[in-house]
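> Sharing a structure with you now.
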Amino acid sequence: MGDDGGVRLQKVLARAGVASRRNAELLIEEGRVEVDGRVVTEFGVRVDPETAVIRVDGERIPPVSANVYLVLNKPRGVVSTMSDPEGRPCITDYVQDRSERLFHIGRLDTDTEGLLLLTNDGEFAHRLAHPSYEVSKTYVAEVEGNVKPGVLRNLLDGVRLEDGPAQADTVKIVSTVPGRTLVEMSLHEGRNRIVRRMFDAVGHPVKRLTRTAVGPVRRGNLHTGEVRDLNPKELGQLLDLVEL
């Protein structure tokens, strides 16, 4: 950050869609803008829009980037690969109109539907998938049987699997009908078929599974098979979560 080179801060804010140039100046004047950890109140400051960490009212504003960040609501029956030698439906079928070389972050089982993030930003993908950053993922599972409160406690305390213990961050019953329970569970790890194996371990096999959130990214009204860009708020929060 400095007065030489770079782009004026208010112009960067306007380009990011935060506010008009004039309103961006008001935000700066009111001390609501922070660059690289320092509150900025003068108008002449120039920044590198690709590397500066800019916040407005504490909220991260994503940097200018040529990378793309997408979310797909993956249908059930689609394999989590960009191509499939067996000719099964795969992720590429839903992003054929994109010119970028995309790859998916993590994966969902073929029989699991829901949110899957796609990008061409390798470092972002690597960090987001790495367990050390503990990005929470939320699922809604339709399971066999009527789940009792003690089962929820077991999931929160941790269940033992063949590859080590696993525990939920949060878990709650959404609804119950005779012989079936809808359960929402959040956890921050991504071992293979982890949610299904945890419910198997407590005696309630999963009949249908949907991932409804990845960190701050929610399914909302994104229909099955639809793709959208991450919005600036979601991307900013994810960049903070993985310390980029």
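> Just the residues that are open to solvent by 50 Å² or more (accessible area, probe 1.4 Å) and either over 21 Å from Arg219 (Cα atoms) or among the acidic types (Asp, Glu) (or both), please, taken from the range 99-126.
Ser99, Glu100, Arg101, Asp111, Glu123, His126
> What number of residues within the range 221-237 satisfy the criterion of being in contact with a Lys or Arg (Cβ under 9 Å, 6 or more places away or on another chain) and either closer than 25 Å to Thr92 by Cβ or at pLDDT 95 or above (or both)? Write out each step before concluding.
Filtering the range 221-237 for residues in contact with a Lys or Arg (Cβ under 9 Å, 6 or more places away or on another chain) gives 222, 224-225, 227, 232-237.
Remaining after also requiring either closer than 25 Å to Thr92 by Cβ or at pLDDT 95 or above (or both): 222, 224-225, 227, 234-235.
Number of matching residues: 6.
> While we're looking at this one, here's another question. Taking the stated definitions as given, is Glu34 more than 30 Å from Val140 (Cβ to Cβ) and open to solvent by 40 Å² or more (accessible area, probe 1.4 Å)? Don't jump to the end; show me each part of the working.
On the way: more than 30 Å from Val140 (Cβ to Cβ): yes; open to solvent by 40 Å² or more (accessible area, probe 1.4 Å): yes.
The answer is yes for Glu34.
> Restricting to the range 201-234, and then to whatever is closer than 30 Å to Leu155 by Cα and of a type in the set (A, V, I, L, M, F, W, C), can you tell me which residue is most open to solvent (accessible area, probe 1.4 Å)?
Ala201
> Suppose we keep only residues that are open to solvent by 80 Å² or more (accessible area, probe 1.4 Å) and without any contact (Cβ under 8 Å) to a residue 24 or more places away in the chain within the range 135-161. Which one would you say is nearest to Pro205 (Cα to Cα)?
Selected residue: Lys148.
> Starting from residues that are of a type in the set (S, T, N, Q) and either touching a strand residue (DSSP E or B) at 6+ places or on another chain (Cβ under 7 Å) or not assigned by the TED database to the domain that holds Thr110 (or both), keep the ones in the range 66-97 and report whichever is surrounded by the most Cβ atoms within 10 Å (Cβ to Cβ).
The selected residue is Asn73.
> If the Cβ limit is 8 Å and pairs must be 6+ apart or interchain, which residue in the range 225-241 that is in contact (Cβ under 8 Å) with a residue 40 or more places away in the chain pairs with which residue that is open to solvent by less than 50 Å² (accessible area, probe 1.4 Å) and assigned to a helix (DSSP H, G or I)?
Hits for this filter: Leu230/Leu238; Leu238/Phe124; Leu238/Leu128; Leu239/Phe124; Leu241/Leu128.
> Scan the range 102-127 for residues that are small (Gly, Ala, Ser) and over 20 Å from Arg196 (Cβ atoms) and jot them down. Step through it out loud before you land on a result.
Residues of the range 102-127 small (Gly, Ala, Ser): 106, 114, 122, 125.
Hits for the range 102-127 are Gly122, Ala125.
> Continuing with the same structure: May I ask you to say which residue of Ala166, Ala201, Ala213 is among the small types (Gly, Ala, Ser), under 20 Å from Leu72 (Cβ atoms) and in contact (Cβ under 8 Å) with a residue 12 or more places away in the chain?
Ala213
> Next question. Enumerate the pairs (first residue in the range 56-81 and within 12 Å of Thr119 (Cβ to Cβ); second residue anywhere and assigned to a loop (DSSP other than H, G, I, E, B) and of a type in the set (Asp, Glu)) with beta-carbon separation below 6 Å, excluding pairs fewer than 6 apart on the same chain, so at least 6 apart or on different chains.
Filtered contacts from the range 56-81: Asn67/Asp121; Val68/Glu100.
> Then there's this: Among the residues of the range 22-53 satisfying the criterion of being under 12 Å from Lys11 (Cβ atoms) and of a type in the set (A, V, I, L, M), which is modelled with the lowest pLDDT?
Ala24
> Would you confirm, using the coordinates I've provided, whether Ala166 is more than 18 Å from the chain's Cα centre (by Cα), among the small types (Gly, Ala, Ser) and surrounded by 14 or more Cβ atoms within 10 Å (Cβ to Cβ)?
For Ala166, the condition - more than 18 Å from the chain's Cα centre (by Cα), among the small types (Gly, Ala, Ser) and surrounded by 14 or more Cβ atoms within 10 Å (Cβ to Cβ) - is met.
> Continuing with this model, one more query. Taking into account only those residues within the range 207-236 that are touching an Asp or Glu at 6+ places or on another chain (Cβ under 7 Å) and part of a strand (DSSP E or B), which is farthest from Ala129 (Cα to Cα)?
Checked the range 207-236; the qualifying residue farthest from Ala129 (Cα to Cα) is Lys207.
> Is it the case that the range 175-192 has a residue that's loosely packed, with under 13 Cβ neighbours inside 10 Å, part of a strand (DSSP E or B) and not assigned by the TED database to the domain that holds Lys74?
Yes, that holds for at least one residue.
> Go through the range 106-122 and count every residue that is of a type in the set (Val, Ile, Thr) and either assigned to a loop (DSSP other than H, G, I, E, B) or more than 15 Å from Thr212 (Cα to Cα) (or both).
Total satisfying the criteria: 2.
The values are calculated or read from the model by the stated rules, or taken from the named source; none is laboratory data. Note that the coordinates shown come from a computational prediction; the quantities given were computed from them, not determined experimentally. Counting neighbours? That spans all protein chains shown, and the Cβs are built from the backbone with ideal geometry, glycine included. Surface areas here come from the heavy atoms of the whole protein model, side chains and all, with no ligands, DNA or RNA. Shrake-Rupley method; radii C 1.70, N 1.55, O 1.52, S 1.80 Å.
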